[in-house]
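The values are calculated or read from the model by the stated rules, or taken from the named source; none is laboratory data. Values in this document were obtained by computation on a predicted structure and should not be read as measured data. Cβ placement follows ideal geometry from the backbone for every residue including glycine, while neighbour counts extend to all protein chains displayed. Ligands, DNA and RNA are stripped out before the accessible areas are found, and what is left, the full protein with its side chains, is counted by its heavy atoms. Shrake-Rupley method; radii C 1.70, N 1.55, O 1.52, S 1.80 Å.
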2 protein chains.
Amino acid sequence: MDARRKVELFLERPLRRGRASAKHKGTLIIIGGHEDRSGEKKILRAVADRLGDDGKIVVCTVASAEPESLWEQYESAFRAIGVPHVFRLDVDSREEACSPRAMRILDGATGVFFTGGDQLKITSQLGDTPMYSRVQEIYEAGGVIAGTSAGASAMSETMLVANNGEASYRIKSALLMAPGLGFAQDMLIDQHFAERGRMARLIGAVTQSPRVLGVGIDEDTAIIVEHNRSFRVLGVGAVYVVDGSTSSYSNIGEEDSDRTLSSFGLTVHMMSQGDRFDLETRTPFAHPADSMEQEEEKPRGTGTDE
Amino acid sequence: MDARRKVELFLERPLRRGRASAKHKGTLIIIGGHEDRSGEKKILRAVADRLGDDGKIVVCTVASAEPESLWEQYESAFRAIGVPHVFRLDVDSREEACSPRAMRILDGATGVFFTGGDQLKITSQLGDTPMYSRVQEIYEAGGVIAGTSAGASAMSETMLVANNGEASYRIKSALLMAPGLGFAQDMLIDQHFAERGRMARLIGAVTQSPRVLGVGIDEDTAIIVEHNRSFRVLGVGAVYVVDGSTSSYSNIGEEDSDRTLSSFGLTVHMMSQGDRFDLETRTPFAHPADSMEQEEEKPRGTGTDE
């Protein structure tokens, strides 16, 4: 389809997640930041493996203040792994996210990769644009949507935006959130998790709304979410799940907002490579770390081919 | 009693915690480090308030590499609060911890305060010496044993010694522990908790032995443990309790020790000022933050008077 026509179509009928025909055929690869880009590249390989035989990945650097150098790193990494088509898409405005150029770059893509930077730049410039509809379309067709660091946070329904991981957690801090792109349904993702000591803010977010599952991802570590039903852990670090369904008490609605948060009775799982988490039942399942390596080594051909 | 005689007595019959006649009459004030020493001094006041009318506190700087400047800070802080007798005890060797001089300085003390530094210096130089017996005696007589940072860790039965809070948690890291002074029974204390992102290592420690309760304390925050039955939170930060009794699975005994830890089904409580925790039933109770302030303002006279 002509790129201009595609823009018009998406402006007319945006692919919003909530619509009846929305599908979860694709894979999300959500990375805690600082994934290996020059060595074994285990996580980027997992992205590449799911692009299909004639795969095309579009690296979206919209979040970054240094898009050039990031793009160079990802381009050479994906090319080194053997991805046939590696493209870059940087957008500086919502106008660009509505442009036929963006449609042309995303044409035939079987994967989109969001780099780190500022998650609000991703959501503010892409939200509800034809480019967002196109990314949604790629996902629904069975493609891979990946994001690292800010790109990981932006996958959430509601995302954390304040960076106060170092300090004790005040009740008012729990409100420093914004709507994300919504690919990771019912989840709230945090990244650089152990490295930046972010348990307090994840507990704060989950306490505020235990409907969402808190998922904290360490650096060079990822969750691979299949069909929004379950995820598996890949990489060197840990993934922390904070489940507020067992929560017995919090002071979040009751006290002076300068007070430090109290939140009792949360269930926490610390997961490592191979482990699987069922998002429907909120249950973790243990698997040996090398089971993941073996599975990842199998050839795959699940990309979209539109 | 003559100091030399006291040393002989304690060498003959050390006051070890496990003996049948051991009592828990005293109070432990366990601080996450960087408590306010120049402003309102809320936590140091809580120590002072429990020393009794003619209270005597001994500041033990054994952990520190800069004992002089620390001593000056605590001396002026405790004097400013109005503690009548403020003494310093620095020991550089086990020999000194067995000296009549140490006994003389601790004579009539109703409180002992362990500063920050290296917790292994506290335990290695004090463990099972007459000085340790004397501190135990002060505690059993109803006195206050306080510790901040390394001094807090040393209160634990088993204490964490590795400082890898920044990284993902490997199974083998969970073994970097040493026996502590044991005042905080069935507890494992970690400090500078949110500030140094130490949830992973606390989960690791608790996973290894869910018999002990993991207690992570933020800076300028303390737990006040009465008779080893319950504690309350005081200060600006949070206290995290990791309870492994609900634990459903961990890979700690099963895998290559270089693997990242998996630990499922932990119960976590985030507590703030005023909240109380029952150590017998492992249950948190919510209280308004200002209930603590009001209680702390009441005059007290519970020190020892031997």
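The largest-to-smallest principal axis extents of the Cα set in region B:97-163 are 36, 23, 18 Å.
Largest accessible area first, the residues B:Cys60, B:Cys98 order themselves as B:Cys98, B:Cys60 under a 1.4 Å probe with ligands, DNA and RNA left out. Legend: residue pairs A:Lys25/A:Lys56; B:Lys6/B:Lys56; B:Lys56/B:Lys121, Cα-Cα distance threshold 22 Å; pairs beyond threshold, B:Lys56/B:Lys121. Using a probe of 1.4 Å, the accessible surface attributed to A:Asp186 totals some 70 Å² when neighbouring protein chains are kept in position.
For B:Gln73, the distances from its label point to the matching points in the remaining copies are 3.6 nm, ordered from shortest, with each point set 7 Å beyond Cα toward Cβ. For A:Ala184, the residues whose modelled amide H falls within less than 5 Å of its own, excluding neighbours fewer than 5 places apart on the same chain, are A:Ser156, A:Glu157. If you wrap the tightest convex hull around every Cα atom of region A:1-120 and split its volume per residue, you get 127 Å³.
Hull volume per residue, based on the alpha-carbon atoms of region A:225-301 and their convex hull, is 128 Å³. Taking every alpha-carbon pair in region B:120-247 and binning the separations at 5 Å intervals from zero gives 2, 11, 21, 24, 20, 13, 6, 2, 0 percent.
Only beta bridges with both residues in the protein assembly as shown are counted; by DSSP, about 60 percent of them are antiparallel. When A:Arg79, B:Arg201 are compared by accessible area of protein heavy atoms, the largest-first order is A:Arg79, B:Arg201, using a 1.4 Å probe.
Toward the positive end of the charge dipole of region B:1-46, about the Cα centre and with charges on Cβ (Lys, Arg +1; Asp, Glu -1), which of B:Gly39, B:Ile29, B:Pro14 goes farthest? With unit charges placed on the Cβ atoms, the residue in question is B:Pro14. For the protein assembly as shown, the fraction of alpha-carbon pairs lying more than 38 Å apart is 39 percent, rounded to a whole number. Solvent-accessible surface (1.4 Å probe) assigned to A:Ser291 amounts to roughly 20 Å².
B:Lys42 exposes around 50 Å² of accessible area when a 1.4 Å probe is run over every protein chain in place. Among complete DSSP H helices in chain A, those whose alpha-carbon atoms stretch at least 20 Å along the helix's long axis and whose mean Kyte-Doolittle hydropathy reaches -1.0 are A:67-81. Here the translational diffusion coefficient of region A:187-279 follows from Stokes-Einstein with Rh set to the Kirkwood radius across Cα pairs; for 10 °C and 1.306 mPa s it amounts to 116 µm²/s. Applying 1/(1 + (r/R0)^6) with R0 = 22 Å to the Cβ-Cβ distance of A:Tyr249 and A:Asp186 gives a FRET efficiency near 0.45. Stokes-Einstein diffusion of region B:1-64 at 37 °C, 0.692 mPa s viscosity, Kirkwood radius from Cα pairs, rounded to a whole number: 216 µm²/s. Mark the label point 7 Å from the Cα of A:Arg4 along Cα→Cβ and return the residues of region A:82-110 whose backbone N is within less than 15 Å of it. In region A:82-110, the label zone of A:Arg4 (backbone N under 15 Å from the point 7 Å along Cα→Cβ) covers A:99-104. Within a straight-line Cα-Cα reach of under 14 Å, A:Lys41 can be paired with the following aspartates and glutamates, leaving aside sequence neighbours fewer than 8 residues apart in one chain: A:Asp49, A:Glu75, A:Glu219, A:Asp220, A:Glu293, A:Glu296, A:Glu297.
The rotation axis bringing chain A onto chain B passes closest to the chain A residue reported with its distance as A:Gly197, 1, by C-beta distance in whole Å. A Förster radius of 25 Å, combined with the Cβ-Cβ distance separating A:Asp278 from A:Lys23, puts the computed FRET efficiency at roughly 0.80.
For chain A, the equivalent ellipsoid built from the Cα gyration tensor has semi-axes of 31, 23, 18 Å, listed from largest to smallest. The listed residues B:Leu11, B:Leu44, once ranked by accessible area (1.4 Å probe) with the largest placed first, stand as B:Leu11, B:Leu44. On association of chains A and B, roughly 2900 Å² of accessible area becomes buried (total for both chains; probe 1.4 Å). Extending 7 Å from Cα along the Cβ direction at A:Leu176 and again at A:Ser76 yields two label points whose distance is 3.5 nm. Take the Cβ atoms of A:Ser124 and A:Glu295, set R0 to 51 Å, and the FRET efficiency comes out at 0.85.
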